[in-house]
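Just below is one structure, and these are the notes that go with it.
The values are calculated or read from the model by the stated rules, or taken from the named source; none is laboratory data. This one's a predicted model, so the numbers in the text were calculated from it and none came from an experiment. When we count neighbours, we look across all protein chains shown, and the Cβ atoms used for this are built from the backbone with ideal geometry, even at glycine. Protein only, heavy atoms only, side chains kept; ligands, DNA and RNA dropped before computing areas. Shrake-Rupley method; radii C 1.70, N 1.55, O 1.52, S 1.80 Å.
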Amino acid sequence: FKKRRGFAAGLAAFGSGIGNFSMGIMIQRFIQDGGYEAALFRGGLISAGILLIAALCLKRRLPLVDYLHPCSDQDVLSDRNFRLICSATMLFQVGYQVPFAHLPSYILDLGFDSEYAAIAVSQIGVGSSCGRVLLGYISDYVGRLRMFRFVLFATVVVCAGWYLSETKATITTFAFFFGFTSGGFIALVFPVLADYWGGKRLGGIAGYIAVSLVPGSYLGPFFAGYSFDRRGDYDIAIWMSAACIFLAACLLLGMHVPSEIVDDDVHQQQEIDSQRALGAAVTGAAVAPIDENTDNMEEFI
């Protein structure tokens, strides 16, 4: 999670793509067997069980006092790079949610059955899982910000391909590659944040990013549905999705590449050195050299 952040985050996010694949097909089968009410009830029970197990497996990595600092990351709101990535994330979410909300209806309008619609949407999850791991792995070698920009421009091209998709083969291909490229974005957004502001601040900063996802998640499907109601087709919705993701990619081009990757261990060492130097200046004592073999730096202080 330091030198191989992209690959590590891709592995950590791999499971949600598989969940998207399996749950989509499972819910469709539940609907066919017992209707929507039964499908919602069964899906809710399954989700609750899985989430409960996941919650019980979580372990605290730091003492509570070390990370309970409310509003301690507000300084990033004035950072140009943060404002750009936050805006890009919101715009990306506008376009990203459109296929999830409207691809099934698009498929039904072409005359295919609901079972294939569920399978096609689930292919987004398959592609997303593959993209998160593979693109995350590659990003550690070519640069995480560079790959972050690339996956957005690639997603724009894939969205344009949706406009030409009218057969099962082309729709399935679109769904897989949309998941593949957009999955790279999901895997890389937090490693990029950590590269700029460090892992210890990631929780608070990621919270701001999560807030920016909310308006995009609502606006994308809403305007796509509104456009369909007015025109009777998804042409405007498709190009709106591509345009929003394109604007997000352009915003990322304005981000300055960090001169160095933030290393929390280095920052901790710098803090230790500055504290010892300050103490020496106050007391007049000589500053002893730091023992590089010291494991517990807090105990050393």
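Would you confirm whether any residue within segment 107-119 is open to solvent by 10 Å² or more (accessible area, probe 1.4 Å), modelled with pLDDT under 95, within 30 Å of VAL211 (Cβ to Cβ) and part of a helix (DSSP H, G or I)? Scanning segment 107-119 turns up no residue that is open to solvent by 10 Å² or more (accessible area, probe 1.4 Å), modelled with pLDDT under 95, within 30 Å of VAL211 (Cβ to Cβ) and part of a helix (DSSP H, G or I). Every test in (1) open to solvent by less than 40 Å² (accessible area, probe 1.4 Å); (2) more than 18 Å from ILE31 (Cα to Cα) is passed by SER87 save one, and that test is (1). Applying the condition of being over 20 Å from PRO99 (Cβ atoms) and of a type in the set (Gly, Ala, Ser) to segment 5-36 and asking which residue is surrounded by the fewest Cβ atoms within 10 Å (Cβ to Cβ) yields GLY35.
Residue check: GLY216 meets all listed conditions (1) surrounded by 18 or more Cβ atoms within 10 Å (Cβ to Cβ); (2) at pLDDT 90 or above but one, namely (2). Exactly one residue out of LEU91, LEU68, LEU77, LEU64 is out of contact with any Ser or Thr (no Cβ under 6 Å at 6 or more places or on another chain) and at pLDDT 90 or above: that is LEU91.
Take the conditions (1) open to solvent by less than 20 Å² (accessible area, probe 1.4 Å); (2) within 23 Å of ASN20 (Cα to Cα); THR167 misses just one of them, which is (1).
To keep it simple, each residue is scored yes or no on (1) within 19 Å of ALA242 (Cβ to Cβ); (2) aliphatic (A, V, I, L, M).
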position	(1), (2)
SER129	no, no
PHE150	yes, no
VAL156	yes, yes
LEU164	yes, yes
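Taken over segment 223-235, residues that are open to solvent by 50 Å² or more (accessible area, probe 1.4 Å) and in contact (Cβ under 8 Å) with a residue 12 or more places away in the chain amount to 3. Filtered by the rule that a residue be modelled with pLDDT of 85 or more and exposed (fewer than 10 other Cβ atoms within 10 Å of the Cβ), segment 49-61 gives ILE53, ALA55, LEU56, CYS57. In this structure, ALA169 qualifies as free of Cβ contacts under 8 Å to residues at least 60 places away in the same chain, of a type in the set (Gly, Ala, Ser) and within 26 Å of ASP235 (Cα to Cα). Looking only at segment 214-222, decide whether some residue is closer than 22 Å to ALA12 by Cβ and either touching a residue at least 40 places away in the same chain (Cβ under 8 Å) or not basic (Lys, Arg) (or both). Yes, the conditions are met somewhere in segment 214-222. When PHE14, PHE21 are screened for being touching a Lys or Arg at 6+ places or on another chain (Cβ under 8 Å), part of a helix (DSSP H, G or I) and not polar (S, T, N, Q), only PHE14 passes. List every residue pair whose Cβ atoms sit under 9 Å apart, with the two residues 6 or more apart in sequence or on different chains, where the first one lies in segment 123-137 and is closer than 13 Å to ALA175 by Cα and open to solvent by less than 10 Å² (accessible area, probe 1.4 Å) and the second, anywhere, is part of a helix (DSSP H, G or I) and among the acidic types (Asp, Glu). Pairs found: none.
Filtered by the rule that a residue be surrounded by 19 or more Cβ atoms within 10 Å (Cβ to Cβ) and farther than 22 Å from ILE138 by Cα, segment 176-201 gives a lone residue, ARG201.
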